[in-house]
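Presented below is the structure to which this report refers.
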Amino acid sequence: MRRFVIVLSAVLCCTAFLSSNPSSLTPIQAIKTSEQIYIDGQLTESIWQRAGFTDFKQREPNQGEPGSEKSEVWLAYDEEAIYVAAKLYDSRADSIVARLVRRDFVYGDPSDGFLVYLDPYHDKMTGNLFYVSAAGTKADGLVENDGRFELSWDAVWEGVAQLHPDGYVVEMKIPFSQLRFKEGDKQVWGINFERYIGRKNETAMVVYTPRNENGFVSRFPDLFGLEGITPPSRLEALPYVTGKAEYIGNNPSDPFNPGEKYLPGAGLDMKVGLGTSLTLDATINPDFGQVEVDPAVVNLSDVETSFQEKRPFFTEGVSIFRFGRGGTNNNWNFNFNEPTLFYSRRIGRTPQRPQFSMPYFDYADIPNGTRILGAGKISGRIGDDWKIGMVHAFTNKELADIDSAGRRSHVEMEPQTYYGIFRAQRDFDRGQQGIGLLATYSDRIFSDNILQDYINDNALVTAVDGWTFFDQERTYVLTGWAGLSHVNGNQKRMIALQRSPGHYFQRPDVDYISVDSSRTSLTGYAGRLMLNKQRGRWTLNSAVSVIDPYFESNDLGFMSFADIINSHIVTGYRWSDPTEYYRQMGVDVATFANYDFGGNKTAHGYWFGGYLTLLNYYGGQIRMQYNPESFSARRTRGGPLTLNPVSRSFNVNLYSDNRNWWVAYAGGGGNSGESGNGWFSYIETELKLTPTFTLTVGPELSRDFIKAQYIQSIADPAASTTFGRHYVFANIDQTTVAATIRLNWILTPELSFQIYAQPYFASGIYSNYKELLSPKSFDFLTYGEGISTKTPITTPTGEVVGFNVDTDGSGSAATFPVYKQDFNYRSLRGNAVLRWEYMPGSALFLVWTQSREDFETAGDFQFGRSLDRIAATKPDNIFLLKVSYWLGM
């Protein structure tokens with residue numbers, strides 16, 4: 001559905017609807033009915049026989065012109081629901097694009113379709129969307145911030161489409177219980193309609209946002225005629241049962257792994273209305289076995305890998321928890337990893353106790369995740385002004401079973417934990433200004449005090465955000481946020497936190513931070529201020545950001561590292577009106593810089609980007625960057641600064657018209673400089689083989705040659721130039737081959753089968769083992785050159801596994817070992833999911849998850865050998881049956 005490419009890509013196209021003067025729009029009326037309405041796509045009811053609404057204007061491709069095909073829409077309601085009927089005429093009905101895709105997976109789908117947008121609160125900032133394609137695919141979602149779309153929200157409603165000789169019909173029944181609105185005898189809402197014609201790439205609406213403008217919900221015409229309705233009490237229950245069979249490994253000597261396990265389960269999800277404006281979503285003993293597995297990754301950096309949240313409880317309706325970017329539609333980051341204050345993947349995380357802290361064992365059954373005992377989420381409004389959201393979750397104390405010489409015992413791996421999140425936000429003057437608050441808190445109950453050496457006792461983050469427009473046209477907006485963090489733990493834990501990759505307080509060449517061994521807490525601050533011009537052809541975005549060295553938000557957030565002062569300015573120009581050569585194009589230029597709190601420049605760059613969409617809807621992007629010299633505070637992993645030499649990078653991305661039966665996305669890029677070079681390429685091809693069957697294959701290949709890959713640091717008082725340590729590095733030649741494979745077979749709008757698979761092969765050959773010669777340089781002593789020596793370390797079979805290094809021959813430097821780091825990692829993981837919504841809100845899942853992993857210490861990349869090895873690897877298989885039943889009361 002090409003429309004969703006336009007609607008959801010706010011940065012490129014501004015999003016959805018228009019009226020140059022919204023207050024002059026003719027209101028749209030809903031008619032009350034006592035007639036029973038059947039949602040069947042036939043329009044036989046008398047309420048649909050009157051004249052409907054027909055005034056649609058094109059947003060694309062011919063902005064402002066009437067829709068090329070007639071569209072007629074009716075609205076009715078009773079005490080239970082609002083009904084929408086649309087007759088979508090088409091002079092070439094045999095060319096209507098009607099493809100089946102999974103519910104909510106409509107982004108990029110070229111099918112014809114119809115949407116209704118509602119603003120029940122009439123706040124001109126938020127709303128709901130409901131979509132039905134010509135094939136009957138449904139989607140629903142939320143609209144936030146006057147134009148930001150969120151399709152993770154799911155309601156229980158009815159929607160059908162029926163093809164006719166002169167077009168197609170869409171009918172919807174949207175229960176009032178699924179919406180939030182104010183009490184009142186006479187209701188006034190906001191409303192908008194949208195129609196998409198796939199073969200023409202035409203989007204027609206009641207109102208739309210003009211090119212180079214902003215604002216979406218604020219442009220809606222009024223919906224009147226709703227009288228005598230009250231927000232109903234809401235109570236929904238979704239009990240479910242599961243059956244799981246695990247076939248993981250099979251070691252006859254391992255008492256914990258017989259090779260097979262059979263695990264029954266049950267749980268309950270609930271949705272309860274708290275008054276007219278708040279909703280409680282609760283889950284007890286949740287099971288997320290139906291979600292897609294995480295991709296494999298080889299991470300050689302000191303920064304944790306962030307994974308996408310896919311669990312339904314934590315993805316549905318979470319837009320209220322978005323933070324720090326209210327009011328803006330054009331956000332940029334340059335070399336700034338902005339902290340995510342609420343990262344829901346922390347809830348139910350992998351147990352954090354390191355294995356080296358466990359008692360000796362021969363065999364162990366270590367849990368790979370923390371079970372969520374229960375969680376609740378409250379969202380909605382207090383009064384007419386404040387939007388609020390809360391999450392409260394409790395996770396289990398996780399134990400590992402260990403066996404040592406036949407004696408069994410338990411070891412605590414993760415303490416019982418409470419997680420809490422609170423969010424409140426209020427806007428003023430119909431969104432001209434806004435202010436918000438976000439707070440997160442985690443608290444742990446330890447049964448084994450050893451765990452306190454590795455995990456914080458508790459952590460609190462509080463932050464405020466807000467925005468203000470400088471003019472009524474909303475051309476310029478200033479937005480920002482500021483936050484404080486406070487974590488507590490014992491002295492050993494606080495020492496580890498100060499020395500961790502997020503902080504590196506042990507850096508020997510700075511005097512503004514140092515490890516304080518007496519600390520039992522850490523308190524820091526962070527913030528960002530951003531100015532954005534978001535109307536007109538010329539754009540501007542600038543920001544100043546700061547993360548104090550002591551700021552720490554990783555207990556319930558995600559933060560790469562602290563000690564940053566970042567700034568950037570980016571400006572661009574848009575040619576958004578189609579010409580005889582192109583549909584739209586734009587260019588941007590930027591400069592940015594990072595400093596640490598000691599005034600050292602840790603990043604600097606100049607950036608250029610451009611994009612172009614041709615008349616045939618093919619297009620592409622290009623980006624180039626030049627980085628002058630700066631310093632790295634991270635390369636030595638807590639050691640002295642090193643020089644970042646001059647570097648250059650570029651990438652190109654191309655795409656084809658997504659209306660074709662095949663769609664391709666391809667690109668590549670590279671980087672070069674004294675510190676190394678590399679390149680990558682990818683191509684993703686989507687094959688729409690039938691109206692119900694789609695195959696997507698996306699291979700990618702990368703090659704990186706890095707001249708200073710960190711290995712280790714060795715204490716030696718003789719290494720006085722580098723503050724008493726040898727900082728050991730090596731060259732690495734890394735090759736990565738991976739692919740994403742998806743198969744979607746949508747038999748009906750309610751029945752789908754999906755396969756996801758990811759083969760992943762990565763290898764690395766290390767060479768030129770060496771050490772840093774002096775701080776603030778990129779100079780190294782290669783072992784075995786000059787007066788330094790390296791003596792092979794061999795196994796009994798004669799295999800060289802490392803070297804004993806002496807850096808100064810007969811001098812006073814200590815001899816130390818450096819072991820080879822070559823690797824060859826192979827993985828194949830994926831799952832197959834059959835989903836059947838056998839009645840509205842109720843579903844059955846059949847899931848098969850498989851994973852294979854193989855590792856060798858040889859670093860040379862051989863594709864054929866990798867295929868053979870992974871094919872010969874015994875897989876781990878998990879089979880899951882899950883059945884849920886929706887009860888609405």
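The values are calculated or read from the model by the stated rules, or taken from the named source; none is laboratory data. This is a predicted model, so every value here is computed, not measured. Counting neighbours? That spans all protein chains shown, and the Cβs are built from the backbone with ideal geometry, glycine included. For accessibility, only protein heavy atoms count, side chains too; no ligands or nucleic acids. Shrake-Rupley method; radii C 1.70, N 1.55, O 1.52, S 1.80 Å.
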Considering only the stretch 422-475, how many residues are of a type in the set (D, E, K, R), touching a residue at least 60 places away in the same chain (Cβ under 8 Å) and surrounded by fewer than 19 Cβ atoms within 10 Å (Cβ to Cβ)?
3
Of all residues in the stretch 308-343 being assigned to a loop (DSSP other than H, G, I, E, B) and in contact with a helix residue (DSSP H, G or I) (Cβ under 8 Å, 6 or more places away or on another chain), the one that is least open to solvent (accessible area, probe 1.4 Å)
Asn330
When (1) polar (S, T, N, Q); (2) within 37 Å of the chain's Cα centre (by Cα); (3) at pLDDT 90 or above; (4) in a loop (DSSP other than H, G, I, E, B) are applied to Ser19, the one that fails is (3)
With the condition kept exactly as written, say whether any residue in the stretch 51-69 is modelled with pLDDT of 95 or more, in contact with a Leu (Cβ under 9 Å, 6 or more places away or on another chain) and not in a strand (DSSP E or B).
yes
Among the residues of the stretch 458-481, which ones are of a type in the set (Phe, Trp, Tyr) and either out of contact with any Asp or Glu (no Cβ under 8 Å at 6 or more places or on another chain) or part of a helix (DSSP H, G or I) (or both)?
Trp467, Phe469, Phe470, Tyr476
Would you be able to say whether some residue in the stretch 735-749 is touching a helix residue (DSSP H, G or I) at 6+ places or on another chain (Cβ under 9 Å), part of a strand (DSSP E or B), under 27 Å from Asp868 (Cα atoms) and among the aliphatic types (A, V, I, L, M)?
yes
Close pairs (8 angstrom Cβ cut-off, 6 or more residues apart or separate chains): under 23 Å from Asp104 (Cα atoms) and open to solvent by 50 Å² or more (accessible area, probe 1.4 Å) in the stretch 837-856, in a loop (DSSP other than H, G, I, E, B) and β-branched (Val, Ile, Thr) anywhere:
Pro840/Val156
Boolean, Tyr38 is aromatic (Phe, Trp, Tyr) and either assigned to a loop (DSSP other than H, G, I, E, B) or at pLDDT below 95 (or both)
yes
State all residues of the stretch 496-510 that are in contact with a helix residue (DSSP H, G or I) (Cβ under 8 Å, 6 or more places away or on another chain) and surrounded by fewer than 20 Cβ atoms within 10 Å (Cβ to Cβ); if no residue qualifies, say none.
Ala496, Gln506
Number of the condition not met by Leu163 [criteria: (1) modelled with pLDDT under 95; (2) surrounded by fewer than 22 Cβ atoms within 10 Å (Cβ to Cβ)]:
(1)
Checking His392 against (1) without any contact (Cβ under 8 Å) to a residue 40 or more places away in the chain; (2) under 30 Å from Ser253 (Cβ atoms); (3) within 23 Å of the chain's Cα centre (by Cα), which single condition isn't satisfied?
(2)
Wholly within the stretch 781-889, which strands (runs of 3 or more DSSP E) include no fewer than the required count, namely at least 3 residues that are basic (Lys, Arg)?
823-839
Kindly check whether there is at least one residue in the stretch 717-729 that is touching a residue at least 60 places away in the same chain (Cβ under 8 Å), closer than 30 Å to Val847 by Cβ and open to solvent by 40 Å² or more (accessible area, probe 1.4 Å).
no
On the given criteria, is Asp860 surrounded by 15 or more Cβ atoms within 10 Å (Cβ to Cβ) and either touching a strand residue (DSSP E or B) at 6+ places or on another chain (Cβ under 9 Å) or over 30 Å from Ser752 (Cα atoms) (or both)?
no
Name the residues in the stretch 360-380 that are open to solvent by less than 20 Å² (accessible area, probe 1.4 Å) and either closer than 30 Å to Tyr121 by Cβ or among the small types (Gly, Ala, Ser) (or both), would you?
Gly374, Ala375, Gly376, Lys377, Ser379, Gly380
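To keep it simple, each residue is scored yes or no on (1) closer than 20 Å to Gly466 by Cα; (2) buried (at least 20 other Cβ atoms within 10 Å of the Cβ); (3) free of Cβ contacts under 8 Å to residues at least 12 places away in the same chain.
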| site | (1), (2), (3) |
| --- | --- |
| Tyr512 | no, no, no |
| Asp516 | no, no, no |
| Asn532 | yes, yes, no |
| Val544 | yes, no, no |
| Asp555 | no, yes, no |
| Met559 | no, yes, no |
| Ile564 | no, yes, no |
Being closer than 30 Å to Gly198 by Cα, more than 24 Å from the chain's Cα centre (by Cα) and assigned to a strand (DSSP E or B) is the filter here, so list the residues in the stretch 649-694 that pass it.
Trp662, Leu687, Lys688, Leu689, Thr690, Phe693
When you scan the stretch 573-590, do you find a residue that is surrounded by fewer than 16 Cβ atoms within 10 Å (Cβ to Cβ) and within 27 Å of the chain's Cα centre (by Cα), even just one?
yes
Determine if the stretch 258-269 includes at least one residue that is open to solvent by less than 40 Å² (accessible area, probe 1.4 Å) and either assigned to a helix (DSSP H, G or I) or touching a residue at least 40 places away in the same chain (Cβ under 8 Å) (or both).
no
Considering only the stretch 411-420, I want to know if a residue exists there that is within 30 Å of Leu373 (Cα to Cα), open to solvent by less than 10 Å² (accessible area, probe 1.4 Å) and aromatic (Phe, Trp, Tyr).
yes
Using the structure shown, decide if Phe780 is at pLDDT 95 or above and surrounded by 15 or more Cβ atoms within 10 Å (Cβ to Cβ).
yes
Of the residues in the stretch 103-119, how many are touching a Lys or Arg at 6+ places or on another chain (Cβ under 8 Å), surrounded by fewer than 22 Cβ atoms within 10 Å (Cβ to Cβ) and at negative phi?
1
Does any residue of the stretch 527-538 turn out to be within 30 Å of Ser357 (Cα to Cα) and not in a helix (DSSP H, G or I)?
no
Arg528 vs. criteria over 18 Å from Leu612 (Cβ atoms) and basic (Lys, Arg)
yes
When you check Thr479 against the structure, is it more than 23 Å from the chain's Cα centre (by Cα), among the β-branched types (Val, Ile, Thr) and open to solvent by less than 20 Å² (accessible area, probe 1.4 Å), yes or no?
no
Criterion first (at pLDDT 95 or above, in contact with a strand residue (DSSP E or B) (Cβ under 8 Å, 6 or more places away or on another chain), over 30 Å from His726 (Cβ atoms) and among the charged types (D, E, K, R)) does Glu684 satisfy it?
yes
By residue number, the members of the stretch 68-95 that are surrounded by fewer than 23 Cβ atoms within 10 Å (Cβ to Cβ), among the hydrophobic types (A, V, I, L, M, F, W, C) and closer than 28 Å to Lys688 by Cβ are Ala93
Identity of the residue in the stretch 179-226, out of contact with any Phe, Trp or Tyr (no Cβ under 6 Å at 6 or more places or on another chain), of a type in the set (D, E, K, R) and under 23 Å from Trp157 (Cβ atoms), that ends up most open to solvent (accessible area, probe 1.4 Å)
Glu183
